[in-house]
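See structure below.
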Amino acid sequence: MANEMFTALPAVANATLSDIICAVQGGVSVQETLQQVFKLNLANTILNYPGNPNGNLAGEVYQLCWDTTDSELFVCTTTGIAAAAVWSPITAAVGLITPTQGGTGVANPAAHTLPVAEGSSNFTFLGPLANGQLLIGSAGANPVPTTLTAGSNISILNAPGSITISAANAAGFTWNHVLSVFVNMFPENGYVVDDPSLVTLLLPMTSSLGDVIKVVGRGVGGWQITQNAGQIIYFGDLSTTAGTGGSLASTLPRDSISLVCTQANTEWTVDVGPQGDITVV
């Protein structure tokens, strides 16, 4: 039978685990039983069990089992029947993966933070970032989470997931004819209020020292200047209520007023005598 070909051998009706087959291992022809092949297949099959498989599931060394209840992966470290097989959690067997092994070396970093590599040391996690914050490079050091700074004639509005950069003062003082009941005001702008209903004018979120806003009444509805959180308007020895509850309002249709920013973003002052009777709230 030394020269007999495999294709010429008869087929068996039923295979048994003790049957011997031929294989090539490391370039050498060897014999294997179907039992050995079966065990190899088991060792490379991921089992599923609803809970810890120890005491519950037979296993072969290196076989994997996924705990469908606690979402944890186990590896069989001792072959045996259900009562004897030893299953170890992968996390307990491996532990944290260091940067030199391709991991971060950090367990459970805070949500919404950003990783920064530190060579062979554990990663640093920056953040979480506030509205409008970016990571700004710092030579030889970790990036710094910070917001952009508005330069001359520039305004910046930070919001969740967005940064709005606008020109301010670039074209000199601009007059606007207001024919609506609500307006977001901008520095270095004047507003001729000309609507039959009350017009609400909201102070700018961003302003610089010396910025000017003027409001001139014309429509019969009059006007009211309202504030954002943290803002205030000074009118001689009077002042509005700080924050969103404060306001200045006209009494007659032609009442007018001029405001100058006396502290960036938060404080405005009536800079010249207004025309008419202004209500301070």
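Each reported figure results from applying straightforward, stated rules to the coordinates on display, with no laboratory input. Bear in mind that the values here come from a model prediction, so they are computed numbers and not experimental data. So basically every Cβ, Gly included, is an ideal-geometry build from the backbone, and we count neighbours across all protein chains shown.
The antiparallel fraction among DSSP beta bridges confined to segment 18-92 stands at about 80%.
Using only the alpha-carbon atoms, how far is helix 34-43 inclined from the longest principal axis of the chain? Give it as 0 to 90 degrees, nearest 10. Here the helix axis deviates by roughly 20 degrees. Beta bridges per DSSP, both residues in the chain: antiparallel share near 65 percent. Projected label points at ALA23 and ALA242, each 7 Å from Cα along the beta carbon direction, are separated by 7.9 nanometres. For the chain, the relative contact order comes to 8 percent (Cα pairs under 8 Å, sequence separation of at least 6). With the simple model of a label 7 Å out from the Cα in the direction of the Cβ, ASN158 to GLN275 spans 4.0 nm. Using the rule -39500 (n - 2.57) for each DSSP H run of four or more residues, divided by the residues of the chain, the 222 nm mean residue ellipticity is -1500 deg cm²/dmol.
Find how much the distance from SER121 to ASN108 grows on full extension, using 0.36 nm per residue of separation minus their present alpha carbon separation; answer in nm with one decimal. Numbers along the way, then the final one.
On the way: separation 13, 0.36 × 13 = 4.68 nm, distance 1.65 nm.
Extending this stretch completely gives an extra 3.0 nm.
Computed FRET efficiency, Cβ-Cβ of VAL12 and ASP70, R0 35 Å: what is it to the nearest 0.05? It comes to 0.20. The spacing between segment 176-215 and segment 142-157, judged by their C-alpha centroids, is 25 Å. Here the residues ASP70, ASP19, ASP195, ASP237, ranked from fewest to most Cβ neighbours within 10 Å of their Cβ, fall in the order ASP237, ASP70, ASP19, ASP195.
Modelled this way, with points 7 Å down the Cα-to-C-beta line, the labels at GLN35 and ALA83 are 2.1 nm from one another.
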